Every structure is written in structure tokens, then in C-alpha cells.
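All remarks here apply to the structure that follows.
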Amino acid sequence: MPALRPAISAPDRRALASQALKAAVAARAKGGQNQQSPICIYGLSEALGVIVRFNDINMEGMYEKGERPRIHLSAKRPLVRRAYNCAHELGHHIFKHGFSIDELKEDARESSWDDPKEFLADTFAGFVLMPIVGLRQSFSSRGWNPATASAAQMYIVACDFGVGYGTLLTHLSAGVGLISFARATALRKATLKSIRTEIVGDAILNHLVVADSYRLSPVLDVEVGMRVLLPTGVEAADPNLKFERDTQTGRLFKAERQGIVQTVTPDGAWANFVRIAPKEYIGLAQYRHLEEDSDE
Amino acid sequence: MTESEGNRRSDIAGRLREARKLAGLSQGHVAQMLGLHRPSVTEIESGNRRVSTDEIVKLAELYDVSVAWLVGDAPDKVDQSDPRLELAARELTKLKGDDLDRLLKLLAAMRTDKSEPADGGDR
């Protein structure tokens with residue numbers, strides 16, 4: 001039986017994390033992004049010359065190195081998971097990882113969880129999606145403290161950055177140290193259903209994206225069937241985003257059809273673009289928000 | 001048109017339809033993007049209308065697939081031992097045989113060259 005590769009030591013992890021942070025800062029700068037705002041990871045990948053495709057294969061993601069580099073993502077994963085997987089695969093691109101299928105098989109036989117390349121790509125994904133300056137801003141603008149934030153507050157910050165609730169908790173504790181591991185563990189006990197219920201007042205079965213008046217990003221990505229909670233008074237310019245009802249915390253909409261919908265308050269003080277992709281969209285990322293073809 | 005020409009046109013039509021769907025586009029989208037009439041795209045994908053070399057190149061670019069694959073001059077599936085295939089895939093070994101097979105077919109269709117010649121020449 002082959003010996004397992006030894007786990008990465010703590011100093012090695014710190015060195016890799018530092019390398020990942022520097023690469024994330026450089027990738028954002030090269031892609032024309034600032035160092036604090038939430039980003040569209042597909043747009044950043046394309047800006048860095050990487051084509052992003054969604055397929056219906058039961059996998060997480062894959063990076064294909066070459067003259068026309070590509071990231072392949074499974075549409076079978078939840079929307080926030082797809083974004084994280086894309087950031088992870090972009091990390092492989094940045095670090096120029098690429099192996100033959102035989103090498104990958106051989107490597108996987110030894111170990112898969114303590115692979116420095118995977119740790120590097122994962123850490124890069126956290127830093128590029130959730131820069132610490134942006135995270136601090138997201139909490140402080142709402143008058144929240146990361147160390148004491150509730151599960152619902154964490155959920156709203158996760159929505160700000162287009163990542164999953166658990167992914168945010170991992171990054172806050174293991175990535176940037178804004179919360180303790182114990183706090184992250186305690187917050188993980190809250191179910192997504194209970195958090196959504198707390199935010200909108202009753203159970204929302206489908207995924208809910210919350211965009212309050214403090215939202216940092218001017219765009220919000222969803223797919224058909226998802227619910228969106230927008231600030232009180234907001235109106236959608238297009239029936240592709242259908243108003244459902246008012247709640248105590250905002251207006252609830254449902255993404256009905258693909259396209260890009262402008263949402264704005266009557267006084268124009270708050271505006272956002274809701275970009276709706278088909279449910280479990282298969283295709284090139286750049287085409288995912290094209291209006292539906294009525295003749296098809 | 002001979003029978004073999006008809007078969008070849010039908011094969012190309014089938015791959016054009018498959019490539020469009022893999023790109024996430026409808027026939028209407030393609031018509032709009034290339035300045036064609038919608039029925040022209042339908043006819044091309046039915047094998048009822050000849051598709052010019054220029055159109056093939058444009059469609060390949062739009063769909064991010066190789067011209068060689070579209071015209072049937074490239075293998076339907078990537079060879080696992082091809083040294084040009086370089087991947088980072090943490091869960092490749094966990095893929096079921098059928099999923100790996102579909103992935104290798106998908107990779108075979110993709111363009112690999114920034115300036116791919118119209119007559120193909122990739123994998």
C-alpha cells in the first residue's frame with residue numbers, strides 16, 4: 001500500500017495562504033477590479049482570458065490548461081457553489097496547474113485532501129471572492145460586528161459576495177480570522193431553512209438571495225425559480241422578475257425568466273441589476289443572461 | 001448531391017445543433033448574432049441548406065468549438081493519454097465511467113488553438 005503524502009505543515013499552510021492572497025490581489029488588479037467589492041467571478045475569469053462553460057456532468061469543476069484555457073463547471077451544483085468552484089479553478093489557472101489524466105489518477109491514489117495545489121486553489125478562491133476590506137465594509141456599513149453577527153446577518157453578507165453561507169463562515173474563520181473557529185462551528189448549526197424563515201417571516205423552500213439597501217454590488221445573479229428579497233419599495237422594470245409580496249424586511253420577488261432586470265426604488269436612491277440565468281444553465285457563461293427566444 | 005455528400009451534410013448539421021446547445025444558445029440567438037434569418041439557422045441544422053466555410057468558421061467561434069470537430073475531421077472523444085491534455089481536476093477519479101466519457105467527448109469538441117485554421121488541425 002503506498003504511503004500517504006504527509007499533511008501540509010502549519011508553516012507551509014501559512015506560506016501557501018500568503019501566496020494565494022498575493023495572487024488574488026494581482027488577479028483582481030489585472031482584471032480591472034478593485035480590492036474590496038464583490039465580483040462576478042465568471043466576468044473576472046473571462047477578463048483574464050479564461051473561457052467558462054457549464055455542463056450537466058456530475059462533477060464539481062475542472063480547469064483545462066492550454067492556448068484557450070477553460071473552466072468547466074457543473075450546472076448540477078447550487079449557484080453559489082458554482083461561483084466558488086469557478087474561483088477555485090481560476091486559482092489553478094493563475095498557478096499554472098495542469099496535469100495529464102494519468103498523473104491526476106496517480107496523484108489521487110496517494111491523497112486528495114492534503115494536496116498543496118488544492119489548498120492553494122481553495123485559499124485563492126476565498127481571497128478573490130471575499131477580500132477582507134470588503135468583508136469589513138459589508139459588516140460595518142450595517143452596524144454589525146463579524147465576531148457577534150447572527151446567522152441571518154452572516155447570510156446577508158454571504159449574499160453580498162455571492163457565496164454560500166458555509167463558505168463565508170470558513171473564510172471568516174480559517175481565511176481572514178475575523179471570527180473564531182468556535183463561533184463558526186456554532187453558526188453552522190443554523191439551517192438555511194431556519195435562516196430564510198427568520199429573514200422573510202416564513203419558510204422559503206427555494207434558494208433566497210437577499211439584497212438590502214447596504215448591498216455593495218450593483219448586480220445580483222440568480223437563476224429561474226429563485227427568490228430575491230429587495231429593499232422596501234423597490235420595483236422591477238420587467239416581469240421576468242415577478243413581484244410576490246411585501247415582507248417586514250423587504251419586497252419578495254421570484255425570478256421567472258432569463259434576462260437582466262433593472263430594479264430601483266421610486267426615488268432612485270437604490271438601484272440594482274438582477275441577472276437571471278435559466279435553471280441549471282448549460283452553455284458558455286457569457287451567454288447565460290440572454291433573453292429567452294420566444295420562438296424556440 | 002451524392003449520398004455521401006448528404007450524409008456528411010447531415011453529420012455536420014447534427015454537430016452544429018449539438019454545439020449550439022452546448023454553448024447555451026437558441027436558434028434565434030444565433031440568427032441575431034450572425035445577422036441571419038432564423039429559418040436559415042433551422043435549415044442549416046436540418047441539413048437542408050449548405051453551410052459555407054465562412055459560416056462554419058463563424059459558428060465555431062460563436063460556439064467555442066473546433067472547426068475540425070464540426071466538419072468531422074477530429075475524433076469524437078479525447079484520448080486520455082494525449083500529452084496535450086493538461087487538466088486540474090480534483091475529483092476526476094470519482095467521476096463515473098459514463099460521466100468521464102461525456103467529459104472526454106465535450107473536450108474533443110472544444111477549440112484548443114487561438115488561431116485555428118479553417119481546415120482544422122487540432123487534437
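The values are calculated or read from the model by the stated rules, or taken from the named source; none is laboratory data. Small disclaimer: the values here were computed from a predicted structure and weren't measured. Here the Cβ positions follow ideal geometry from the backbone for every residue, glycine too, while neighbour counts run over all protein chains shown. Surface areas here come from the heavy atoms of the whole protein model, side chains and all, with no ligands, DNA or RNA. Shrake-Rupley method; radii C 1.70, N 1.55, O 1.52, S 1.80 Å.
Taking the criterion of being touching a strand residue (DSSP E or B) at 6+ places or on another chain (Cβ under 6 Å) and open to solvent by 10 Å² or more (accessible area, probe 1.4 Å), would at least one residue in the range A:116-124 satisfy it?
Looking for residues that are touching a strand residue (DSSP E or B) at 6+ places or on another chain (Cβ under 6 Å) and open to solvent by 10 Å² or more (accessible area, probe 1.4 Å), one finds none in the range A:116-124, hence no.
Against the definition (farther than 22 Å from A:GLU291 by Cβ, open to solvent by 70 Å² or more (accessible area, probe 1.4 Å) and part of a helix (DSSP H, G or I)), how does B:ASN48 come out, yes or no? I'd like the intermediate steps shown before the answer.
On the way: farther than 22 Å from A:GLU291 by Cβ: yes; open to solvent by 70 Å² or more (accessible area, probe 1.4 Å): yes; part of a helix (DSSP H, G or I): no.
Judged against the criteria, B:ASN48 is not a match.
Within the range A:257-271, can one find any residue that is among the aliphatic types (A, V, I, L, M), assigned to a loop (DSSP other than H, G, I, E, B) and either open to solvent by 10 Å² or more (accessible area, probe 1.4 Å) or free of Cβ contacts under 8 Å to residues at least 40 places away in the same chain (or both)? Steps first, please.
Going through the range A:257-271, the residues among the aliphatic types (A, V, I, L, M) turn out to be A:260-261, A:264, A:269, A:271.
Those still in the list that are assigned to a loop (DSSP other than H, G, I, E, B) too: A:269.
Of the ones still in play, those that are also either open to solvent by 10 Å² or more (accessible area, probe 1.4 Å) or free of Cβ contacts under 8 Å to residues at least 40 places away in the same chain (or both) are A:269.
Within the range A:257-271, one or more residues are among the aliphatic types (A, V, I, L, M), assigned to a loop (DSSP other than H, G, I, E, B) and either open to solvent by 10 Å² or more (accessible area, probe 1.4 Å) or free of Cβ contacts under 8 Å to residues at least 40 places away in the same chain (or both).
Could you grab me the full set of residues in the range A:143-152 that are crowded, with 16+ Cβ neighbours inside 10 Å and either over 17 Å from A:ALA184 (Cβ atoms) or without any contact (Cβ under 8 Å) to a residue 40 or more places away in the chain (or both)? Write out each step before concluding.
First, pick out the residues of the range A:143-152 that are crowded, with 16+ Cβ neighbours inside 10 Å: A:144, A:146, A:149, A:151-152.
Across the range A:143-152, the qualifying residues are A:TRP144, A:PRO146, A:ALA149.
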> Considering A:LEU192, A:LEU241, A:LEU187, which residue is crowded, with 22+ Cβ neighbours inside 10 Å and under 20 Å from the mean Cα position of the chain (by Cα)?
Replying inline: A:LEU187
>> Kindly evaluate A:GLY61 against the criterion of being surrounded by 22 or more Cβ atoms within 10 Å (Cβ to Cβ), more than 7 Å from chain B (Cβ to nearest Cβ) and at pLDDT below 95.
In response: yes
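Kindly indicate whether any position in the range B:18-37 is more than 28 Å from A:ALA75 (Cα to Cα), under 14 Å from the mean Cα position of the chain (by Cα) and surrounded by 14 or more Cβ atoms within 10 Å (Cβ to Cβ).
Going through the range B:18-37, the residues more than 28 Å from A:ALA75 (Cα to Cα) turn out to be B:35-37.
Okay, now just the ones that are also under 14 Å from the mean Cα position of the chain (by Cα), so none.
No, the range B:18-37 has no match at all.
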>> Suppose we filter the range B:54-89 for residues that are within 13 Å of chain A (Cβ to nearest Cβ), in a loop (DSSP other than H, G, I, E, B) and of a type in the set (D, E, K, R); how many remain?
In response: 5
>> I'm trying to understand the selection: among the residues of the range A:252-261, which are under 21 Å from the mean Cα position of the chain (by Cα) and either within 19 Å of A:GLY43 (Cβ to Cβ) or among the basic types (Lys, Arg) (or both)?
In response: A:LYS254, A:GLN258, A:GLY259, A:ILE260, A:VAL261
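Answer yes or no as to whether A:GLU280 is out of contact with any helix residue (DSSP H, G or I) (no Cβ under 6 Å at 6 or more places or on another chain), surrounded by fewer than 18 Cβ atoms within 10 Å (Cβ to Cβ) and at positive phi.
Numbers: out of contact with any helix residue (DSSP H, G or I) (no Cβ under 6 Å at 6 or more places or on another chain): yes; surrounded by fewer than 18 Cβ atoms within 10 Å (Cβ to Cβ): yes; at positive phi: yes.
Yes.
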